[in-house]
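First up is the structure itself, then whatever we jot down about it.
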Amino acid sequence: MTQAEIKLCSLLLQEHFGEIVEKIGVHLIRTGSQPLRVIAHDTGTSLDQVKKALCVLVQHNLVSYQVHKRGVVEYEAQCSRVLRMLRYPRYIYTTKTLYSDTGELIVEELLLNGKLTMSTVVKKVADRLTETMEDGKTMDYAEVSNTFVRLADTHFVQRCPSVPTTENSDPGPPPPAPTLVINEKDMYLVPKLSLIGKGKRRRSSDEDAAGEPKAKRPKHTTDNKEPIPDDGIYWQANLDRFHQHFRDQAITSSEIVRTMLRMSEITTSSSAAFTQPLSSNEIFRSLPVGYNISKQVLDQYLTLLADDPLEFVGKSGDSGGGMYVINLHKALASLATATLESVVQERFGSRCARIFRLVLQKKHLEQKQVEDFAMIPAKEAKDMLYKMLSENFISLQEIPKTPDHAPSRTFYLYTVNILSAARMLLHRCYKSIANLIERRQFETKENKRLLEKSQRVEAIIASMQATGAEEAQLQEIEEMITAPERQQLETLKRNVNKLDASEIQVDETIFLLESYIECTMKRL
């Protein structure tokens, strides 16, 4: 793992879980798998704190454990999963667009807590939605439960591995750590729950006014507590399914291709190189109702796509009017290449981009050939080639005529290794994200006093509005923040929003490059 990735993991762990968890997590990322006492000794952290930190990391799938033959349990950091925390806002927003506010809050709760039972998620989400509704309106548990079932049916949430029942009934001594298993058939099987009820609002102010001490309230309900109907069945967000959705969005070029991807989103694995074969008749029946296109035009369109040199869509058979597949690897390769071309154009200008595309197209070119084909003067072409070579966007291949590799008897060919260039660009993206996070933290720290003051004023205004204060009193409180301070707050807000937007944009590039590299490595 590169230093840029380790630094980014450190920043993400510290931002989400604090210093102790970050210390343990980064130590495991640097050293690999280690037992509990070695972690405590090497980090200089108490055993109790290490246990708590590991509990948090295991709960959020950021650390896995393995029992060795001698009975020693070793913990190992899941670096790729730590980096996925960067994408949490995108997962939540995607669910909101697909399944409205209810789906958004379900996925948000699962990401915030790592693993939860369905009944817990439903109750939490119903309570949160009820609090945002007008007085007198509540959210029914059944409605939230239905959205949860839809998320499971489309594989956006999945069951977590659990301890098998045979392991619990074993009369022998308990193992040092439980072995977790999951049956693939049960991964998206939702338990039949009869959740009856509605979301509740927090009424702490009313209860305090009634004189009931907070410590005594739970005693009224603990004796009558019913057993949890789905105890032991925990759920988590299926990040691979979200990545499949992001990939499909990125490669969608038309409504017909979008329909093909939508038809195969459940049947095709997120790591597959091709979608499942679909017949022309199936595609025609699945097109949106308002999409006015005849069967003949659809067949012509599919034939054109199959004959395209990019090989984006391929024909795999003639039954059912023709069987077609989408070549996901080719699509990702095209997107990665387009990303590299865009970066070259932004960094070095349009002339360098012309040379880069030329070398991509011709595969191997000598310097003289580059000058002639690109129609650029020799000196300028030489400078541009060396500039891109030094930045690792293109590479130089030597082909000697004789075994002594004498320069006068050697061909020097420029070429583009897309995989190598994608890795280099991915590394720079990690560095960019880390720099953006550090800058955002610096901006917030520099204005900490002003932010705290603004929060205090907002809290006072909210409490006064609740008690029915006059407009003049509210105006007086608002004036506690001066005009220069308001301007400073606006500047801070604008800067933080820009940094957040930049993080999301860079992460989109990271996702494309990661997907291409992963798909290419599986084919090698």
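The values are calculated or read from the model by the stated rules, or taken from the named source; none is laboratory data. What you see is a predicted model, and the numbers here were worked out from it, not measured in a lab. Heads up, the Cβs are rebuilt from the backbone with ideal geometry, glycines too, and the neighbour counts pull from every protein chain shown. In case anyone asks, the SASA skips ligands and DNA or RNA and just uses the protein heavy atoms, side chains included. Shrake-Rupley method; radii C 1.70, N 1.55, O 1.52, S 1.80 Å.
Results, tabulated for the structure shown:
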item	result
Selected residue (criterion: surrounded by the fewest Cβ atoms within 10 Å (Cβ to Cβ)) from residues of the stretch 463-496 that are polar (S, T, N, Q) and within 20 Å of GLN441 (Cα to Cα)	GLN487
Scope the stretch 27-44; condition at negative phi and without any contact (Cβ under 8 Å) to a residue 40 or more places away in the chain; matching residues	HIS27, ARG30, THR31, LEU36, ARG37, VAL38, ILE39, ALA40, HIS41, ASP42, THR43
Cβ-Cβ under 6 Å pairs, at least 6 apart or on other chains, the stretch 370-387 side acidic (Asp, Glu), far side open to solvent by 30 Å² or more (accessible area, probe 1.4 Å)	GLU371/ALA378
Sole residue being open to solvent by less than 30 Å² (accessible area, probe 1.4 Å) and outside any helix (DSSP H, G or I), chosen from THR45, THR94, THR102	THR45
When residues of the stretch 14-28 are limited to those that are touching a strand residue (DSSP E or B) at 6+ places or on another chain (Cβ under 9 Å) and β-branched (Val, Ile, Thr), the one most open to solvent (accessible area, probe 1.4 Å)	VAL26
Contacts under 6 angstrom Cβ, first residue in the stretch 69-90 being farther than 12 Å from HIS16 by Cβ, partner β-branched (Val, Ile, Thr) and open to solvent by 30 Å² or more (accessible area, probe 1.4 Å), 6 or more apart	VAL73/VAL67
